[in-house]
1. To the nearest 10 square angstrom, how much accessible area does Arg281 have with a 1.4 angstrom probe?
2. Whole Å is fine, so just give me how far the alpha carbon centre of segment 250-285 lies from that of segment 28-89.
3. Heavy atoms only, 1.4 Å probe, whole protein assembly: order Glu109, Glu83 by accessible area, highest first.
4. So how exposed is Asp135, as accessible area in Å² (1.4 Å probe, rounded to 10)?
5. Can you compute the modelled spin-label distance between Lys13 and Ser183, with each label point 7 Å from Cα toward Cβ, in nm?
6. Scanning the chain for helices, which whole DSSP H stretches are 27 Å or more long along the axis (Cα) and average -1.0 or more by Kyte-Doolittle?
7. Full-extension gain between Asp319 and Gln21, please, as 0.36 nm times their residue separation minus the C-alpha to C-alpha distance.
8. Can you list the lysines whose alpha carbon is less than 30 Å from that of Lys321, not counting same-chain residues fewer than 8 positions off?
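The values are calculated or read from the model by the stated rules, or taken from the named source; none is laboratory data. What you see is a predicted model; the values in this text were computed from it and never measured. Glycine also receives a Cβ, built like all others from the backbone with ideal geometry; neighbour counts cover every protein chain displayed. Side chains are part of the model used for accessible areas, which takes the heavy atoms of the whole protein and leaves out ligands, DNA and RNA. Shrake-Rupley method; radii C 1.70, N 1.55, O 1.52, S 1.80 Å.
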Amino acid sequence: MEETYLLNVEGVKKKILHGGQGELPKLQDGSKITFHFQTLKDDFERTVIDDSREAGIPMEIIVGKMFKLEIWETLLSSMRAGEVAEFWCDAIHTGMYALVSRGMRRIAEGRDPLEGQKHRCGMGNMFDYHSTGYDDLDELQRTPQPLIFIMELFRVEEPSAYKRDTWAMSKEEKLAAVPVLHSEGNRLVLRKEFGQAAAKYQEAVICLRNLQAKEKPWEDGWLKLESLVTPLVLNYCQCQLELGEYYEVLEHTTELLQKHNDNAKAYFKRAKAHAAVWNEREAREDFLRVAHLDPSMAAAVKKELKQLGERMRKKHVEDQKRYQGLFQLPRG
């Protein structure tokens, strides 16, 4: 089935490749659209630029959340569930595609889609936009051109019909979600479900970091959010200690201490991680800092140092036996 339509939008043509079912969706702010897409150049080879199926999961966008490629909402609003359609879009609609694709690719690679654009002056951001980091996208950015989008619409969900991801929430919704996530994390810790608890703490931190990205560092708004981030990071690190993810703890506590070098709890958790991976000198230094910063933790530090000494002595004896066995001549 192939029928070509001219939508009531300048510079857009639609061809239905497979018909859908039901009525056209009624989109409203907050509706979630789930679909697969393929982006192709309008050349003889129909060169593929992006394909969401390669990532293995469908694309999702939230209506009204300022998705940079506004034409996609228009295209998807003309489709029924299960429909597959091909859209030809003139360059007047595709100028932002390179930046949108860069963000999607970075997410697929596990990177921050806003990497390099935070707290930068105007000239710095202009430099970021000059190169996307991908040669094919840089070409699209230099020479805007018509593109072909092949889309398969799976479903449209109303705002009340799904649990909203934190990235899709407004500022007020994110602030309201943080104490809920914190409480859920604490409840999971009591049940010793440390992996799930860590995920709750991490989600709350992401909410706050997204809000912080819009504030000036070290000013009042930023500092208020930072005061909420710190205990969540410490709780996350405690879960990682329980799970044996010691290098994860070292990374996050070190990052925290670069901003707050008087946080005794961060030093304590980092010291325990150092001790677990046999960094004796670093562990002792951090434990002693804890006792200096918070005398009320002196007893806990003394206990940890005693355990560290015993572990290191035992390891030393075991290492000596191992090395003696290596150099001992076989009898006979």
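1. Its heavy atoms expose roughly 140 Å² to the probe.
2. 46
3. Glu109, Glu83
4. 130
5. For the pair Lys13/Ser183, the computed spacing is 5.7 nm.
6. Values: long enough: 171-190 (29 Å, -0.04); 220-243 (35 Å, 0.39); 298-327 (43 Å, -1.23).
Membrane-span-like by this rule: 171-190, 220-243.
7. Numbers: separation 298, 0.36 × 298 = 107.28 nm, distance 7.00 nm.
Full extension of this stretch gives 100.3 nm more.
8. Cα-Cα hits under 30 Å: Lys272, Lys302, Lys303, Lys306.
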